[in-house]
Amino acid sequence: MRYEKPQTVADAARLLTAEKGITRVLGGGTDVLVQLKAGMVEPDLIVDIKALPGIRAIVAEAGGFRIGAAVSNAQLGEDAAVRALWPGVVEAAGLIGSTQVQGRATMAGNLCNASPAGDAVPALVAAGAVARVAGPGVARDVPVEAIPAGPGKTTLKRGEFITSIFLPARPAKSGDAYLRFIPRTEMDIAVASAAVSLTLNDQGVITAARVALGAVAPTVRLVDDAATAIIGTKLHDDAQAALAAACSAACAPIDDKRGTIEFRTEVAGVLAKRAARIAYTRAGGQA
Amino acid sequence: MSSISVSTTVNGDPVDFVCTPDESLLDALRNRMGLTGAKEGCGTGDCGACSVLLNGRLVCSCLVLAAEAEGAEIATVEGMAGPEGLHPLQRAFIDHAALQCGVCTPGILVAAKALLEKNPDPSDEEVRYWLAGNLCRCTGYDKIVRAVQAAAAEMRSA
Amino acid sequence: MAFDSHEKRQFKQVGTRPPRPDGVDKVTGRAQYGADVTAPGMLTARILRSPHAHARIVSIDTSEAEAMAGVKGVVTGRDFALPEDAGLADIAVNVMARDKALYDGHAVAAVAAVSPAIAKAALKAIKVQYEVLPHVTDVDAAMQPGAPVVLEGRALESVPAGMSVNVTHASEFGHGDLAAGFAKADRIVERSFKTAATHQGYIEPHACLASVTVDGKADLWCCTQGQFMVRTVCAALMGMEASQLRVTASEIGGGFGGKTTVFIEPVALVLARKTGRPVKITMTRDEVFRATGPTVSTSIDVKIGMTKDGRITAGEARLRYSGGAFPCGTVDMGAMAAFAAYDLEAVRTQGWNVLTNRPKEAAYRAPGAPQAIYAVESVVDELCQILKLDPLDVRIRNAAKKGTKSSYGPVFDDIGLLATLEAAKAHPHYKAPLKPGQARGVSCGFWFNFGGNTCVSLNVNTDGTVGVTEGNPDIGGSRASISLMAAEELGIPYDKVRTIVADTASLGYNDVTDGSRVTFSVGLATIAAARDAKVKMCARAAKIWGIDDEAVEWKDGAAWPAGPNAGQFPPMSLAEIAAVSFQTGGPIAGHHEVNADGAGVSFGVHLCDLEVDPETGKTTILRYSVFQDAGKAVHPDYVEGQMQGGAVQGIGWALNEEYIYGRDGRLQNPGFLDYRVPVASDLPMIEAVILEIPNPGHPYGVRGVGETPIVPPLAAISNGVSRAVGVRMQELPLSPPRVLKAIKAA
Ligand SMILES: Cc1cc2nc3c(=O)[nH]c(=O)nc-3n(C[C@H](O)[C@H](O)[C@H](O)COP(=O)(O)OP(=O)(O)OC[C@H]3O[C@@H](n4cnc5c(N)ncnc54)[C@H](O)[C@@H]3O)c2cc1C
Ligand code: FES
Ligand code: FES
């Protein structure tokens, strides 16, 4: 195994493309090192992206924010402006692991690790975030939901990696929230999770919404039916029930050590309901 | 696997060491630098016994490659006590019996110090959530929370 | 040694909370734990483990590994002696499999190499050919006729004919006429329960460093609860004499019973002998979970009859425990402890141990008791609910007390159960109102406590300080407690005493740190050794004064002339006597060797307030109080620490901790991410209320306190959850999917 820490994006892409064996991009390393330790992967090359220009910066852009791929979740959580615009995303990223893990882990790593249970991912999907992908060719922008391809697999091509994630601007009277279910209060991987982002009109009626679920399918689920269930409502009880039902219907989970199919399906709906209430209040609605 | 040579700073002192590319910072601290204060309870980020500061950020040294320490500043439990004596947290842990076996203690002290530097007056709940990644199997955490609060109070009044 | 009741003792130092002697080392990172030492020329060894739950080992080809550059030695089961003693032989086979791998993670070979990376690579080069066999991991399934057979021919005579071959052990306890007892009951409840295997979860993985010279002398450094036990077992497995093996206990990063046996130590020794180099082995966390001792997993039936006014008329329990792939007597403990808290006319418990393809059970705090008492306390709670009786009143009404013939035979001496129950009842916690959706669970707990073989030397230094040499690793502040007792007895300040833990060559045999024995037995031996030293110091003073030895007495840290004819001499302090000891007959030391009994049983009562999220089944612990009889709390901080730590381990057991096996018989969660021990944010403060009902078997009245606190949480929480959700829960852990399912089914 080799360890490289390139200084430019082009060098990074070149290294990743040239290597014939197994490569790993190193962000915060909180997945990579665990996988190394467990012998799950034996890379021939590790490319540490943390020295690339701008990769650790948060920059305001077009009313939104561009989050460098190596920005740690701790750094993200300390940024009051991002938190004010996208509190659900910042909270989701803030749930990942312990204080120690927060000091290293990144949203880009969470996305590219492609675990169905990654906490940042549903919130990013609900937010309509866009990943900027660099590689041997020209950089391209990809909606985050198009990155994961299945457990542990992404749609990124050989030599490609994410340099930043863009959180867009949003209309007034918008709010987002993310909730996950874990058996303890910390240090667990989500058994089921839900993110809701919505916008209200002056009457408190939901005019736009995106609902995403985690840990209930091989990849994050963007549930249009769930959004439809609450658009045009003031999130009254029946709208919440319809939202929960649509979410449960969209689940295709597995039974494993962390939870049963039955449990995940049920709880995904419960979480969506609760997250929607928080998002609604954040948007200024009176739930 | 060819070795990498790394120049870093540990507890304020310059240190050079050689490591393999897949070696963790924890292994390098313990096996290359003889600093065995950080412990390996899991090697996978779950227990916090290996906690150190890396450029001022609290991290699990088992989740950092040793090679990443190049040019970095690392602080470990060995650097907590000064010539003037123990750090208030270290004293509070002894005075409040906040350790039983003590194997979690180095990691918890490093983590608690990082907390109090950021938040000198945390609530019990803030202490508990900050330390959630530091497992202690002996104490049930009660006396740990009390010791951190006692040290915080002392440091505020100092 | 009997309680010094005649003195009506006013303690000067025992009962205070001075800083522990090893505190500075442990807060500065200087303390050396198992993995912290190295030796010049040291090799690192790694162990190859079975990926199968049950498989015949057809062949092991180590030639390729042995040929690798940097590999210095490879061993397999053939390299270990098989002792005649069945218990030792089981340990040997557990340390390294021979013809069969008996569980996922069972060691099959080991490699010593010049670096960890080479050792790891060499493991991959070892070729093991397995013939996979059918496996069984569930205790009830293993008892079925036709279940896969784990080991043959291991049933003891007590096992009735016709049971599954996997049943190795049967026991029965009790007295009275059950049928008559149940006939007197107004209500009878009968329920079945299951508990998952849990792990001690010590944060420090097992680690050791072994060195063997060509003339057969060996040194072993390891983290253990008992260096003498390690010596005995390793010497037997190595075929060497005990005197040739010196074992030094490192500081220990938690044990809770799990470090009362050996796993890697014999492997390191055999490799060190084979390679002629020091060999270090450190387990990974994954290895700790897969291959070291979890608790038994259990399946239990309980039947209890009660009158309308809360008198228990009869109790019966059937306990099926599995201690993994080897015979295990832990079920006896469960069968004995199940009803210990109650004064019963008619009681019977029966227990069976069943083999399964799981790791060999190791002790975990009060081994066997939490599961049995969980089942009994659940049924008692249900009867209280049905009959609308206060759960503490019912326990007070039926509590065992001095003179009660216990459910397992002996008649109790002074015990603290009633006082503990009454303290719980009088405590503000029990009266605090509950909000809607909240519930309060109550449970009693019990543990026997042990004494055992103990040996202490106490050396009086010429500068007036004292060194105590004891033989039990300090697992949670015992150096402080022992120093306190020595200081108290000698009448010198605590900081004039230094207690050290000796290696096996420096002191006589000491049993392992288990059974909550250390403060009791080592304390007892320390007090006796101090008394021995005092007699000697009095004799020195007598010699200086030229009077009879009997005319001198020890008081307040000094020798005084006593009696009418002793004469007028100013008292001589310990320091003064010590300073001239070379002129009065040489160094002064006290010793005591004992196989201590009279440990004194211990009871606890726990109160737990909790709430359950009705939509997710998640339980939150809101308030938790522990009431326990400590006999005498020598260092109350560390007594509270035991009560709090034990309670939290019990909370973990009740809520989320479990060994999860897949259909393939492999452990699914061998790491702290999915083996969910409580984290700081899961918990409230744990209030510890110490009661002191002196143990008649100890000069200061000390009882063991370490184990009892893990017993009550299982039922206290299950009872709380059952009350909160309105369904009687019958299986641990109370993981959210299980609780939500019960809520939905109701
Ligand atoms: C103790 C512990 C607790 C955890 N708890 C949680 C939790 O609660 N929730 C959760 O979601 N996760 C959790 N995780 C997993 C992990 O922390 C997260 O997935 C984290 O976000 C990964 O980020 P990273 O920067 O550390 O990724 P890395 O480990 O650096 O990388 C992860 C993967 O993504 C690839 N990668 C990284 N950056 C890029 C990039 N810019 N472009 C392309 N590929 C890239 C890597 O090659 C690798 O395959 C936990 C991990 C640990 C050790
Ligand atoms: S050893 Fe690093 S977190 Fe456990
Ligand atoms: S004191 Fe033993 S793990 Fe914390």
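Annotations for the structure displayed:
- Which numbered condition residue B:18 fails, given (1) within 16 Å of the chain's Cα centre (by Cα); (2) part of a strand (DSSP E or B); (3) within 13 Å of chain C (Cβ to nearest Cβ): (1)
- Among the strands (runs of 3 or more DSSP E) confined to segment A:8-94, there are none with at least 1 residues that are away from every other protein chain (no Cβ under 14 Å), hydroxyl-bearing (Ser, Thr, Tyr) and within 13 Å of ligand 1 (Cβ to nearest atom).
- Qualifying residue in segment C:201-221 (condition: within 14 Å of chain B (Cβ to nearest Cβ), under 17 Å from the mean Cα position of the chain (by Cα), at pLDDT 95 or above and within 16 Å of ligand 1 (Cβ to nearest atom)): yes
- Scanning segment B:82-105 for any residue that is more than 13 Å from ligand 3 (Cβ to nearest atom), within 28 Å of residue C:255 (Cα to Cα), of a type in the set (D, E, K, R) and more than 13 Å from chain A (Cβ to nearest Cβ) turns up at least one such residue.
- Residues in segment B:41-61 that are more than 7 Å from every other protein chain (Cβ to nearest Cβ) and either near ligand 2 (Cβ under 9 Å from one of its atoms) or polar (S, T, N, Q) (or both): B:50, B:55, B:61.
- Filtered residues of segment C:685-727 (kept if of a type outside the set (Val, Ile, Thr), surrounded by fewer than 21 Cβ atoms within 10 Å (Cβ to Cβ) and more than 19 Å from residue C:449 (Cα to Cα)): C:685, C:687, C:726
- Of all the criteria given as (1) within 16 Å of ligand 2 (Cβ to nearest atom); (2) of a type outside the set (Gly, Ala, Ser); (3) outside the structural domain of residue B:137 (by TED's automatic domain parsing), the one not satisfied by residue B:103 is (3).
- Residue within segment C:680-688 that is more than 14 Å from chain B (Cβ to nearest Cβ), under 25 Å from residue C:607 (Cα atoms) and of a type outside the set (A, V, I, L, M, F, W, C) present: no
- Condition check for residue B:49: within 16 Å of ligand 3 (Cβ to nearest atom) and either over 22 Å from residue B:17 (Cα atoms) or surrounded by fewer than 22 Cβ atoms within 10 Å (Cβ to Cβ) (or both): yes
- Of all residues making up segment C:189-231, the number that are closer than 30 Å to residue C:275 by Cβ, within 16 Å of ligand 3 (Cβ to nearest atom) and of a type outside the set (A, V, I, L, M, F, W, C): 6
- Only one entry of A:217, A:229, A:249 meets the criterion of being under 24 Å from residue A:284 (Cα atoms) and aliphatic (A, V, I, L, M), and that entry is A:229.
- Residue ID - farthest from residue A:264 (Cα to Cα), chosen from residues in segment A:95-137 that are within 12 Å of ligand 1 (Cβ to nearest atom) and among the β-branched types (Val, Ile, Thr): A:133
- Within this structure, residue B:110 fails the test of being within 22 Å of residue A:33 (Cα to Cα), within 7 Å of another protein chain (Cβ to nearest Cβ) and in contact with a helix residue (DSSP H, G or I) (Cβ under 6 Å, 6 or more places away or on another chain).
- Residues in segment B:114-152 that are touching a Cys at 6+ places or on another chain (Cβ under 7 Å) and of a type outside the set (S, T, N, Q) were compared, and the one that is farthest from residue C:652 (Cα to Cα) is B:144.
- So residue C:39, is it closer than 30 Å to residue C:325 by Cα and either within 14 Å of chain B (Cβ to nearest Cβ) or not in a loop (DSSP other than H, G, I, E, B) (or both): no
- Test for residue A:104: is it away from every other protein chain (no Cβ under 14 Å), of a type in the set (Lys, Arg) and touching a strand residue (DSSP E or B) at 6+ places or on another chain (Cβ under 8 Å): no
- Of the criteria (1) of a type outside the set (D, E, K, R); (2) over 15 Å from the mean Cα position of the chain (by Cα); (3) assigned to a loop (DSSP other than H, G, I, E, B), which one residue A:228 fails: (3)
- Inclusion of residue C:568 among residues that are surrounded by fewer than 24 Cβ atoms within 10 Å (Cβ to Cβ) and either assigned to a helix (DSSP H, G or I) or polar (S, T, N, Q) (or both) is warranted.
- Matching residues, segment C:7-36, being of a type in the set (Gly, Ala, Ser) and within 13 Å of another protein chain (Cβ to nearest Cβ): C:23, C:29, C:31, C:34, C:35
- Some residue of segment B:116-129 being away from ligand 3 (no atom under 16 Å from the Cβ), out of contact with any His (no Cβ under 6 Å at 6 or more places or on another chain), of a type in the set (Asp, Glu) and away from chain A (no Cβ under 14 Å): yes
- Restricting B:132, B:150, B:69 to those that are more than 8 Å from every other protein chain (Cβ to nearest Cβ) and within 16 Å of ligand 2 (Cβ to nearest atom) reduces the list to B:69.
- Residue, nearest to the chain's Cα centre (by Cα), within segment C:621-656, restricted to residues that are more than 10 Å from every other protein chain (Cβ to nearest Cβ) and part of a loop (DSSP other than H, G, I, E, B): C:630
- Hits in segment C:565-622 (condition: of a type in the set (Ser, Thr, Tyr) and touching a residue at least 40 places away in the same chain (Cβ under 8 Å)): C:573, C:581, C:584, C:602, C:616, C:619
- Filter result (in a loop (DSSP other than H, G, I, E, B), more than 19 Å from residue C:400 (Cβ to Cβ) and in contact with a helix residue (DSSP H, G or I) (Cβ under 7 Å, 6 or more places away or on another chain)) within segment C:328-364: C:355, C:356, C:359, C:360, C:361
- For residue C:27, the criteria (1) assigned by TED's automatic domain parsing to the domain that holds residue C:478; (2) surrounded by fewer than 22 Cβ atoms within 10 Å (Cβ to Cβ) hold in every case but one, which is (2).
- Filter pass, residue C:596 being within 14 Å of chain B (Cβ to nearest Cβ) and small (Gly, Ala, Ser): no
- Residues in segment B:109-137 that are within 16 Å of ligand 1 (Cβ to nearest atom), in a helix (DSSP H, G or I) and in contact (Cβ under 8 Å) with a residue 12 or more places away in the chain: 2 in all.
- Qualifying residue in segment B:1-10 (condition: modelled with pLDDT under 95 and within 8 Å of chain C (Cβ to nearest Cβ)): yes
The values are calculated or read from the model by the stated rules, or taken from the named source; none is laboratory data. Computed from a prediction, not measured in an experiment: that's the story for all the values here. Glycine also receives a Cβ, built like all others from the backbone with ideal geometry; neighbour counts cover every protein chain displayed.
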